[in-house]
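Novice: Structure in structure tokens, see below.
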Amino acid sequence: MTNPPVETASARRQKTRDRLLDAAYDVFAEVGVDAAPVELIAERAGFTRGAFYSNFESKAELFMALAERENAERIEKVQLGIEAEIPKLSGLMSGTHEEKLEAVTAAVGEFLRLQGDDRHWCLIEGEFRIHALRNPEFGAYFAQYSDMLLARLGDMLVETLKPLGVRFAIEPAAAARIIVATYHSAAERSLMVGNGSSPSDDTELQRTIAAIVTMMTVPLDA
């Protein structure tokens, strides 16, 4: 009979951090970053205030860790979507404008589906921006981190467009910024309207993003 594996201290610590991050995700969305006491986050995670400070020096450090985790997960989803869509786009290099637009629309729809219901994330993103505007130190970090994410996303989109025989006419990161801003605007509107809809179900958003992508592209050899 074999003994069950012993959980290491580092594994336990990571589980504690993950639970605190999960709790912070919900609490920040509910009451905002500034109004969220450390005690509430710790309690929601099932820990004491001391457990919080043994894993994070401050709420600001927790906030940054949450931003990095959530953005990394979303970038990974985009990467998975691109890997799934590229084979579907292959062979369309000589297709008509309408065929390419239809293919891009379908790809956008798949990317949005992978993101799922992002209403909680929309609130958290809003908190990130507000906190960045109010706190210069976090603002500098957030701006630099956002630029890095957009550069990564732009490079991914470049690979997605290659099978269609097109490239962005502007810097890929700038194109990614426009696409992300369009998505965030739609996500915020769905929250304001409060009809239970999600950007992933918004066919008009799919067509809009696809049209924007198409308008920002030129032939590869141009």
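Quick note: the coordinates plus some simple rules give every number you see, no bench work behind them. These figures come from a predicted structure and were not determined experimentally. Quick reminder, even Gly has a Cβ in these numbers, built from the backbone with ideal geometry, and neighbours come from all protein chains shown.
Novice: Taking the chain as a Gaussian network, Cα atoms linked when under 10 Å apart, which of Val193, Val38, Val166 shows the biggest mean-square fluctuation?
Specialist: Ranking Val193, Val38, Val166 by mean-square fluctuation puts Val193 first.
Novice: Quick one: if you stick a label point 7 Å off each Cα along the C-beta vector at Ala72 and Ser54, how many nm between them?
Specialist: Between Ala72 and Ser54, the label points sit 2.3 nm apart.
Novice: Give me the dipole magnitude in Debye, nearest 20, for the chain about the Cα centre, with unit charges on the beta carbon: positive for Lys and Arg, negative for Asp and Glu.
Specialist: Its charge dipole is roughly 300 debye.
Novice: Using 0.36 nm per residue, how much length does the chain from Ile178 to Gln14 gain when fully extended, once their Cα-Cα distance is taken away?
Specialist: In short, 55.5 nm is gained.
Novice: Which entry in (i) 19.5; (ii) 18.5; (iii) 18.0 is this structure's computed Kirkwood radius over Cα pairs in Å?
Specialist: Working out Kirkwood radius over Cα pairs in Å from the coordinates points to (i).
Novice: How far is helix 136-161 tilted, in degrees, relative to the longest principal axis of the Cα atoms in the chain, given as a value from 0 to 90 rounded to the nearest 10?
Specialist: Roughly 40 degrees, rounded to the nearest 10.
Novice: Relative contact order of the chain, please, whole-number percent, based on alpha carbon pairs below 8 angstrom and at least 6 residues apart.
Specialist: It comes to 22 percent, rounded to a whole number.
Novice: Follow-up. By how many degrees, 0 to 90 and rounded to 10, does the Cα axis of helix 59-89 deviate from the longest principal axis of the chain?
Specialist: On a 0 to 90 degree scale, this one is about 30.
Novice: Calculate how steeply helix 203-215 sits against the longest principal axis of the alpha-carbon atoms of the chain, using the helix alpha-carbon long axis, and give the answer as 0 to 90 degrees to the nearest 10.
Specialist: 60 degrees
Novice: Set Lys and Arg Cβ to +1 and Asp and Glu Cβ to -1, take the dipole of the chain about its Cα centre, and tell me which of Ala175, Ser146, Ala60 lies farthest positive.
Specialist: Ala60
Novice: Toward the positive end of the charge dipole of segment 66-219, about the Cα centre and with charges on Cβ (Lys, Arg +1; Asp, Glu -1), which of Pro87, Thr217, Gly194 goes farthest?
Specialist: Among Pro87, Thr217, Gly194, the one farthest towards the positive end of the dipole of segment 66-219 is Thr217.
Novice: Please give the length that would be gained between Leu40 and Ile130 if that part of the chain were fully extended, namely 0.36 nm times their separation in residues minus their C-alpha to C-alpha distance (nm, one decimal).
Specialist: Stretched fully, the Leu40-Ile130 segment lengthens by 30.3 nm.
Novice: Count charges around Thr48 for me, please; just the other residues with Cβ under 13 Å from its Cβ, Lys/Arg as +1, Asp/Glu as -1.
Specialist: Here the charged neighbours net out to +1.
Novice: Another question about this same structure. Between segment 31-61 and segment 100-164, how far is it from one alpha carbon centroid to the other, in angstrom?
Specialist: That distance is 27 Å.
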